[in-house]
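Have a look at the structure below, then the notes.
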Amino acid sequence: MGILKRLKQSEPFKNLPDHEIEKFREKVFVKKFSNNEVIFSQYDEPTGFLYFIIDGIVEIFTEATEGVEVVVDIRKEGEFFGWTPIFSNEGYTAGAKTATITECLLIPRELILDISRKYPIIANFFSKAVFSRIKRLYSDVVKTQLSEPVSLIEAFPFQKKLIEIMSSPVEICFPETTVHEIAKIMTIKGIGSILVCDHNRKLIGIITERDLVVKVLAREIDSNLGTLQAKDIMTPEPYYMSPETYMYEAAAFMLRHKIRHLPVLDGDKIVGIVTIRDLMKFRSQKTIFLVGKAKEARSLDELSRIKKELVLVAKVLLMENRSHVETMEIISYIHHNIIKRCFKLVYEDMISDGFKPPDIKFCFMIMGSGGRKEMLLGPDQDNGFVFEDYPDELHDEVEAFFVPFAERLVNALARVGYSLCHGKVMVNNPLWRGRLKDWKERIAKWIEVPEPQRVRYSSIFFDFMPLIGETRLCHELRDFVYKEIKENSIFLYHMMELDFKHKVPLGILGRFITSSDDKHKGKLSVKENGSIFIVDCVRMYMLEKGIYATTTIDRLDKLLELKVFNAAMVEHIKAAFEFFTYIRLKNEINLIEQGKEPSHYLDPYKLPKQEQELLKEAFKVADKLQESTRRYFSRIVGR
């Protein structure tokens, strides 16, 4: 296939007529690069060419201090690189280096710009990739966070994948293998588990030392003991993960499911196995096993110490060149486990003190950032109780237990480090607990008569998720919310009107608008003036569509699937939300290390110049989303 024909089949050039592509013939040329050759670095003067990969692989990398390179993207056959200087007034934001022998078609800048003027679809295609300077987040994060050698060493294990630490090859047996043979193999090899495969070597089960003890040695002696086979004692359909899974993901998964041996499969092929002991070689308890420590904590003071260690985890994760939204989800997962353990300790104390829990089903739910899995280092409490629809005659019995329990729980969480909610959105407030039917009546009033305070409550509540207890109650409540909103869509207009009274803190000349009040003078809130706009707007669309997803990023993906937003818009919003998360987390870490309380307020002019520009770009994205959301939901009034 001719090179120009291949170019014609790629986006965005497939939209051009053949005669325009023919104009390229005299001005483009092919160049071959050797393996591991730097085509350009992020500090080089632009070469003046757009590169189209004919064959090979190119790594896009950023350069940190002291020569540390971090690969942030991979480009393959049929893809482009090097467009940033062509469609912007800036230099390269990253370098390009071959990962194999590579052949590229070099297209001169003047030719691309000329064709773009005639066919705007070309410029639009590449502009999406340069949509704002938020793309420079990669290099900024790496430059600022990977400067300390000790920190770099500490961060490295978090970047490891299972393929790097797993044991391979793996000992296997077949369903007919006797237990005697299995015990012998495990003893001789010094291993704690063996995988059971069918005769096509497909994984069907696992046998661990615990299985031998519980299912064999602990049995009463009987005549069949000597004939037991693998299929008789194995755990069928065991959990497994892929070799590309990150260590922290595997560790959290193993702790959550209480397993100590995790097979590693590449498709259907068994490639290795990982144990909790393997993971412990690479991570200390202050990081990846913080969840395990929380589950085993015996006192509120111990939970408080564990929560304080979260800053160490956050610092390490922040140094990685990975999604900071994902970092936020990891932090939320640890918070959830601390809160659940606190709940259990308080519940046990209630029983010890002679309180008798009523025989009813209930669910403890969390709301706001906790319900979205978007907690950072200083979240306050937003929680509630929903009970099954017990009869009225049980009310006094329920109150006799849950009123003092709610008070103890709120105070215990505050002692652990979760400050009281200023709006009193907590279980010790009668407004935030009740039977399922009580909640339905309450929500119906919020939606049908949307007074400002009720709308504020709903903004917090609508991100609720079950944490402990009967999850069905929360699911039924969510269905009711969607039903009510569908029947009273005007509510979304009132929600928009209340939420959008505030604007992003940017002046006409592009300068930051900071607070004038004494407490936050000279500062602005990255949360209240930025990320919350994205959260609120995206939530409104989800409510209107009657669909559910937990995190803001997941919600954006859903809205893209439904074609509410296009791909470019979602990319913009995700990038802005990512940067807000990064700058908030970085600020909270700095404040904690100074002995201060974490806060989303900061002085924007104390940020590095690059981060100031990035913050402005993120605010602009939030502002555009807010404006488009206003236009969209304003049409509800005219229905």
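The values are calculated or read from the model by the stated rules, or taken from the named source; none is laboratory data. Everything numeric in this text was worked out from a predicted model, so none of it was measured. Heads up, the Cβs are rebuilt from the backbone with ideal geometry, glycines too, and the neighbour counts pull from every protein chain shown.
Within the stretch 310-359, which residues are in a helix (DSSP H, G or I) and at positive phi?
Correct list: empty.
Tally up the residues in the stretch 369-397 that are surrounded by 21 or more Cβ atoms within 10 Å (Cβ to Cβ), more than 12 Å from Ser332 (Cα to Cα) and not acidic (Asp, Glu), please.
Here the count works out to 6.
Restricting to the stretch 419-450, name every residue that is surrounded by fewer than 13 Cβ atoms within 10 Å (Cβ to Cβ) and among the polar types (S, T, N, Q).
Within the stretch 419-450, Ser419 is the sole residue that qualifies.
Tally time: how many residues in the stretch 505-533 are in a helix (DSSP H, G or I) and surrounded by fewer than 22 Cβ atoms within 10 Å (Cβ to Cβ)? First the steps, then the outcome.
The initial filter retains those residues of the stretch 505-533 that are in a helix (DSSP H, G or I), namely 527-533.
Okay, now just the ones that are also surrounded by fewer than 22 Cβ atoms within 10 Å (Cβ to Cβ), so 527-528, 532.
Residues that pass the stated criteria total 3.
Among the numbered criteria (1) in contact (Cβ under 8 Å) with a residue 60 or more places away in the chain; (2) under 16 Å from Asn529 (Cα atoms); (3) surrounded by 15 or more Cβ atoms within 10 Å (Cβ to Cβ), which single criterion is violated by Asp603?
(3)
Looking at the structure I just gave you, is Phe385 over 28 Å from Phe633 (Cβ atoms), of a type in the set (Phe, Trp, Tyr) and in contact with a helix residue (DSSP H, G or I) (Cβ under 9 Å, 6 or more places away or on another chain)? Outline the logic, then answer.
Values: over 28 Å from Phe633 (Cβ atoms): yes; of a type in the set (Phe, Trp, Tyr): yes; in contact with a helix residue (DSSP H, G or I) (Cβ under 9 Å, 6 or more places away or on another chain): yes.
Yes; evaluated as a whole, the condition is true for this residue.
Of everything in the stretch 459-483, what is more than 24 Å from the chain's Cα centre (by Cα) and surrounded by 19 or more Cβ atoms within 10 Å (Cβ to Cβ)? Give them in sequence order.
Once the filter is applied, which keeps residues that are more than 24 Å from the chain's Cα centre (by Cα) and surrounded by 19 or more Cβ atoms within 10 Å (Cβ to Cβ), the stretch 459-483 yields Leu473, Leu477, Val481.
Scanning the stretch 539-561 for residues that are touching a residue at least 60 places away in the same chain (Cβ under 8 Å) and within 20 Å of His324 (Cα to Cα), which turns out surrounded by the most Cβ atoms within 10 Å (Cβ to Cβ)?
Out of the qualifying residues, it is Thr552.
Might you check whether a residue that is more than 29 Å from Leu615 (Cα to Cα), assigned to a strand (DSSP E or B) and modelled with pLDDT of 85 or more occurs anywhere in the stretch 81-90?
Of the residues in the stretch 81-90, the ones more than 29 Å from Leu615 (Cα to Cα) are none.
The answer is no; no qualifying residue exists.
Results for (1) modelled with pLDDT under 80; (2) outside any helix (DSSP H, G or I); (3) surrounded by 15 or more Cβ atoms within 10 Å (Cβ to Cβ); (4) of a type outside the set (A, V, I, L, M), shown as yes or no for each residue.
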{"site": "Lys31", "(1), (2), (3), (4)": "no, yes, no, yes"}
{"site": "Asp73", "(1), (2), (3), (4)": "yes, yes, no, yes"}
{"site": "Lys97", "(1), (2), (3), (4)": "no, yes, yes, yes"}
{"site": "Leu106", "(1), (2), (3), (4)": "no, yes, yes, no"}
{"site": "Leu111", "(1), (2), (3), (4)": "no, no, yes, no"}
{"site": "Phe131", "(1), (2), (3), (4)": "yes, yes, yes, yes"}
{"site": "Tyr138", "(1), (2), (3), (4)": "yes, no, yes, yes"}
{"site": "Ser147", "(1), (2), (3), (4)": "yes, yes, no, yes"}
